[in-house]
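Take a look at the structure set out below.
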Amino acid sequence: MFKRVRKAARRRVAAAAVAGALLAAAVAATAGPVQAAGPNIIVNGGFEDGLTSWFVNNGNTTDGATLSPTTDAYAGSSAVLVTQRKTTGSGPMQDLSGKVQAGKTYAITARVKYENANSPATKQFFATMHYGGSTYTNVGTVTVARGQWGLIQGTFTIPASQSVATARLFIETPWTSNPASDPNTHLMDFKVDDVSVSEFVPSTTIEALGKNPGEGNPLISHKFGADGNAFVHDGRVYIYMTNDTQEYKPGPTGVSSTNTYASINTITVISSDDLVNWVDHGEIPVAGPNGIARYANNSWAPAMESKVVDGKEKFFLYFANNGGGSGVIVGDSPIGPWRDERGNLLITSATPGASNGINWLFDPGVFIDDDGQAYLYFGGGGDDGSRSAENTNHPKSTRVIRLGDDMISTKGSAEVIDAPLVFEAGHVFKREGKYYYSYSSNFGFGGPVDPNGPPTGAIAYLMADNPMGPWTPETYKGIIFRNPGTYFGAGGNNHQSVFKLGDQYYFTYHAQTLNSRITGGATQGFRSPHLAKLDFNPDGTIKEVRGDYKGVDQIRNLDPYRVIEAETIAWQQGIATKKVDGASEEFGAQAPNLVVHDIDNGDWTSLAKVDFGEGGAVGVTAKVRPLAAGGKIEIRLDGRNSPVVATIPVDAPLGEWTKLTAALDGVKGVHDVYFTYAGPSGADLFEVDSWSFATAQEQKVKLTVTAAPRCIGSSVYLAVTAVNDGDAPATIELNTPFGKKTVTDVAPGKQAYQSFNTRTAQIDAGKVTVTGTATIGGKQVTSSYDAAYSAASCR
Ligand SMILES: [Ca+2]
Ligand SMILES: [Ca+2]
Ligand SMILES: [Ca+2]
């Protein structure tokens, strides 16, 4: 932890308020955010050019001192010594006129030391801006022990109306009216070195440890994600989320302004097949001028389903265009690519039965029944201002409507759902013939809350025998989940979904847990995805879910002998992800690819329960882009402070993607794998795209090969098929006595096929040889298979 703070101090300014030593200490204690800074606008800040650009503060006629170079430097070979001080403001000054701008925010750091044995044991120093006149603004401070170099730091915003025609910065001791009465206390000599002022550039990288190793919640800790909606496809669960990170704007104190949701127009997608290692698939640009659905402004509270339409499986992502309506975009896979097939919103106030004039037409929840008929649940709000018991407990603000076969149109009229105390987040799933409508209850509309219904801000549910209900108050069965504030301190709104993976049902909810960990307790409305098991009573009712950090168990180990996107993370600290051009090696040509970036010395990522098998791993390969010389990736097992079992020196041309490998000494069995990043402080070290491990056991390209003769007219044709049974795309070569055929990029599950014309009417029995070449565990592997064919005659 100490190392991280040091790192931040060298390159970046730890969040600190000018007059707020207490606040600064609190932020440092929670490893709060640090901010990127622009170039230093102080000239000769390290005094390596003597006194160039420095002079004594001359704001008052009484100010006066002597500046002289000293070799007692904090850094480099020179600093400045201040002697003969006449006032507390007498210190080294630099003119920043024309270099700083009104309305902008700056970060300041400086080193200061005093040594007078007759001075107090500790002394406060200030960095101060003087814009002219009699107004002086302290912009950074430190209280330093005598004889030691202290670090002045702070951030400050120049008022928008401030003239900066005579902007000057200087270092001083606290003002007192008659300093000469006690010169040892007020006018001591001091030294200054390493002064920097740079524009404050907020970074949204989350530096706090947001998910503790061993815990499952929140699912991700490098970004936020709200209103999670789970969708299971091919044994993998995808979670689609309102991208709260778009609203996350940490200020100079490291705390963001409150999340208003107003600028959110993208949807964040993560996925996992084990429920602990989550892949970041990035953001879907849904709404706004750069969105798929340009007619919409926002994309909140998504919901996903897939359906085969006209013989092709399509993926339908529904979203709320703030409270005014709901839309849908269409994809070719759970992670796109995406397109607009409708051209306007799906649900508006013009949708039959949708609007009662005061309800919100948002929070689309989609459900497809076993007969293929799809339904959309939506709506919320409904406060009519009456403060009546009826309006509070039965706002009748949510709806259900049938979707057309195309999934992007509605059929008939929406019907009212009368869920007690309903507010938002309607979602339906089916289990053993029963339909469950879950929803968030409201926070009270001013009328008395019916004690027979749910508590406020909770996830409650109804049960019925039909997707259309009727959903009456009589179908109310209780609550699934209380408000997140019950478990995590910070409450706020509540949103859920239910999915089944294997034989187990799971419940998604959100909570402001990462937000709270960043600030050390306070929250500004930034929500994170959580998971819990969902269990049922014998009568089909739901056992109440309790929120926690533990989350759910990892349901399968991770296979390392393949490409693993580096944006697959169980736990991490200090990194961010970004989308890059090109396809994902793991998820295919149409999938977005992300890389891990903002990697500083001390940052780390990890994978949970990696199964190296009995054969063991003999190598690890990283696809990296070096950004600074001297970086390295250390591999550790079962803890980020465990012994290093392999080191990949990131020693390659800067700025270019390359694969680098280190040997592993037969790592066997199941381990958590930690990648700890090291290198020079104060630099982004490198980016990582993917990992792979090599096993001691021979890797094979798995093919199923068949060869059979058949007659076309009086000619024998030899039909050869090779199915790629592996996990990686393969290049397959079919070799026969009658010719050969090469098929490149045969996807897993797909096949290479050729019918060879033998140009004869009769052939003897024989064999074909098929080779497959694929990249497995980071290495190119070629495997060969023979398949016999029978004799044939077409006479
Ligand atoms: Ca220096
Ligand atoms: Ca970082
Ligand atoms: Ca990647």
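The values are calculated or read from the model by the stated rules, or taken from the named source; none is laboratory data. From a predicted model like this one, the values you see are computed outputs, not experimental measurements. Ideal geometry is used to build each Cβ from the backbone, glycine not excepted, and the neighbour counts take in all protein chains shown.
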Just to verify a result, which residue in region 586-600, among those that are more than 9 Å from ligand 2 (Cβ to nearest atom) and closer than 24 Å to SER681 by Cα, is surrounded by the fewest Cβ atoms within 10 Å (Cβ to Cβ)? VAL595
Show me the strands (runs of 3 or more DSSP E) entirely contained within region 639-698 in which 3 or more residues are within 16 Å of ligand 3 (Cβ to nearest atom) and touching a Ser or Thr at 6+ places or on another chain (Cβ under 9 Å). 686-695
From the list ALA31, ALA21, pick out the single residue that is closer than 30 Å to THR676 by Cβ, at pLDDT below 65 and more than 16 Å from ligand 1 (Cβ to nearest atom). ALA31
Selection within region 609-625 - farther than 13 Å from ALA566 by Cα and surrounded by fewer than 22 Cβ atoms within 10 Å (Cβ to Cβ): LYS609, ASP611, GLY613, GLU614, GLY615, GLY616, VAL618, GLY619
Residue in region 461-482 that is surrounded by the most Cβ atoms within 10 Å (Cβ to Cβ), counting only those that are under 23 Å from ASP553 (Cα atoms) and not β-branched (Val, Ile, Thr): PHE481
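Which fully enclosed strands (runs of 3 or more DSSP E) of region 561-627 have 3 or more residues being touching a Ser or Thr at 6+ places or on another chain (Cβ under 8 Å)? If you could, list the steps in order and put the result at the bottom.
Values: elements: 576-584, 588-597, 604-611, 617-626.
Because the criterion is at least 3 residues that are touching a Ser or Thr at 6+ places or on another chain (Cβ under 8 Å), the strands (runs of 3 or more DSSP E) in region 561-627 that meet it are 588-597, 617-626.
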Of all residues in region 159-209 being modelled with pLDDT of 95 or more, assigned to a loop (DSSP other than H, G, I, E, B) and among the charged types (D, E, K, R), which is farthest from ligand 3 (Cβ to nearest atom)? ASP182
Looking only at region 567-621, count how many residues are touching a strand residue (DSSP E or B) at 6+ places or on another chain (Cβ under 6 Å) and within 14 Å of ligand 3 (Cβ to nearest atom). 26
Evaluation of TYR561 against (1) over 22 Å from THR695 (Cα atoms); (2) in contact with a Gly (Cβ under 6 Å, 6 or more places away or on another chain); (3) more than 11 Å from ligand 3 (Cβ to nearest atom); (4) not acidic (Asp, Glu) (one fails), failing number: (1)
Out of (1) without any contact (Cβ under 8 Å) to a residue 40 or more places away in the chain; (2) out of contact with any Leu (no Cβ under 9 Å at 6 or more places or on another chain); (3) buried (at least 20 other Cβ atoms within 10 Å of the Cβ), the one PRO454 does not meet is (2)
Restricted to region 77-108, and to residues that are farther than 18 Å from ASP49 by Cα and of a type in the set (D, E, K, R), which residue is surrounded by the most Cβ atoms within 10 Å (Cβ to Cβ)? ARG85
Condition met for LEU637 (over 21 Å from the mean Cα position of the chain (by Cα), more than 15 Å from ligand 2 (Cβ to nearest atom) and closer than 25 Å to GLY214 by Cβ): yes
Of all residues in region 519-546, which are modelled with pLDDT under 95 and not in a loop (DSSP other than H, G, I, E, B)? THR519
Find the residue count for region 501-546, including only residues that are more than 25 Å from the chain's Cα centre (by Cα) and over 18 Å from ILE479 (Cβ atoms). 4
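So which residues in region 227-249 are out of contact with any Gly (no Cβ under 9 Å at 6 or more places or on another chain) and either at pLDDT 95 or above or part of a strand (DSSP E or B) (or both)?
Residues satisfying the conditions are ASP227, GLY228, ALA230, PHE231, VAL232, HIS233, ARG236, VAL237, TYR238, GLN246, TYR248.
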Only one of (1) out of contact with any strand residue (DSSP E or B) (no Cβ under 9 Å at 6 or more places or on another chain); (2) crowded, with 20+ Cβ neighbours inside 10 Å is not met by THR486, so which one is it? (2)
Which listed residue is free of Cβ contacts under 8 Å to residues at least 24 places away in the same chain, under 27 Å from ALA791 (Cβ atoms) and not polar (S, T, N, Q), from LYS767, LYS740: LYS740
Count, please, the residues in region 121-145 that happen to be more than 39 Å from the chain's Cα centre (by Cα) and surrounded by 14 or more Cβ atoms within 10 Å (Cβ to Cβ). 7
For region 428-445, the count of residues that are under 17 Å from ASP535 (Cα atoms) and either part of a strand (DSSP E or B) or among the aliphatic types (A, V, I, L, M) (or both) equals 9
Restricting region 559-585 to residues that are more than 16 Å from ligand 2 (Cβ to nearest atom) and of a type in the set (Gly, Ala, Ser), the residue that is surrounded by the most Cβ atoms within 10 Å (Cβ to Cβ): ALA570
I need the full set of residues from region 716-762 which are more than 24 Å from PHE587 (Cα to Cα), hydrophobic (A, V, I, L, M, F, W, C) and assigned to a strand (DSSP E or B), in order please. VAL716, LEU718, ALA719, VAL720, LEU734, PHE756
Taking GLY574, is it in contact (Cβ under 8 Å) with a residue 24 or more places away in the chain, among the small types (Gly, Ala, Ser) and more than 14 Å from LYS211 (Cβ to Cβ)? no
